Amino acid sequence: MKRLIMLLLTLLVLAGCVQYDEELWINRNGSGRAVIRIVHRSPYENPEEIMRKAALPGINLQSYDIYRKGPDVIYTINFKFKNIDAFNNVNDQLGTADFWGKITLNKEPGRRITFKRRIALGSQEPEDEDDIEHIIGRLQPDNPVWTYKVHLPWKIISTNALPENVDYNNRTVAWKYDTRKMWHKQELMSVELRKDFPWLLLVIGVIVLILLTFLVHWILRFPKKSHWLERIKHTEDAEKK
C-alpha cells in the first residue's frame, strides 16, 4: 500500500513536468549557484514550495518568477548554496523518482577531482514493475527533455557527456535526457577534472624561501659585523689616545 501511494504521488508530480532545465555553477570551495526552469502542466501555481526550499540551511534564494503560458506554469528560480551538501539537501526524493539526485566531488591523487551525479526514475527492480509506472510513462508529454548543465572551476579531462555538449575552454558540461526512456533506469553524470597547477603559490613559496634565507644569513652575520665594528671603534679610540 505504501509503495502504491508513493507511485500515485509520483504520477501526480511527474506527469505534468513538461520540461526541466538546470544550470549550475560550482566554485572551488564547493559553494555555487543554480538557475532552474521548470515547465509544469498544472491549473495552479505553487510559490509556497519555492519558499519552503529557500528556508533550508545553506540555501539563499536570489530571485524567482512564476508565470502561466496556456496550460503550463513556468517557474524560474535563482538561488545560491553554501556547499554541495546544502544543494543535495534540496532534494525531496519522492519514492523512486529522484530527478534531483546527489552530487559528489571526490579528491583523487594527482590533483584530480571526480564530479558525479546520479538520477533515477521509476523502480530499479524489473520484478517490481506494475501498471502505475507504465501509466506514468505513457502520460509524459511529447519531447519531455530534461537538461542539466554545470560550470566547473577546474580543467575537464574526460566526461560521459556527448562531445557536442562539452566546452573544454569554458569548462562546462551538459546532459540531456528523454524522460520517456529513463523509467527503471539510473543515469550517471560524471566528469573527471584536474586542478590547475598552483603557480601563484609556488612563486609565493619561492619568494618566502628567499626572504627566509636572506634573514637567516643576516642573523648569522650580524654578530660578526658587530664584533668587527667594535674592533674598529677600539682601534680608533686607541689611536686617539
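Residue count for segment 99-122 under the criterion of being open to solvent by less than 10 Å² (accessible area, probe 1.4 Å), on the phi < 0 side of the Ramachandran plot and touching a helix residue (DSSP H, G or I) at 6+ places or on another chain (Cβ under 8 Å): the result is 2.
Kindly indicate which of Ala34, Ala86 is part of a helix (DSSP H, G or I), modelled with pLDDT of 95 or more and either surrounded by 15 or more Cβ atoms within 10 Å (Cβ to Cβ) or not aromatic (Phe, Trp, Tyr) (or both).
Values: Ala34 fails: part of a helix (DSSP H, G or I).
From the options Ala34, Ala86, the qualifying one is Ala86.
Here Val39 meets the list (1) surrounded by 15 or more Cβ atoms within 10 Å (Cβ to Cβ); (2) more than 29 Å from Lys181 (Cα to Cα) almost entirely, failing just condition (2).
The values are calculated or read from the model by the stated rules, or taken from the named source; none is laboratory data. All of these numbers come straight from a predicted model, not from anything done at the bench. As a convention, Cβ positions derive from the backbone with ideal geometry for all residues, glycine included, and neighbour counts pool all protein chains shown. We work out accessible area using only protein heavy atoms, side chains counted, and drop any ligands, DNA or RNA first. Shrake-Rupley method; radii C 1.70, N 1.55, O 1.52, S 1.80 Å.
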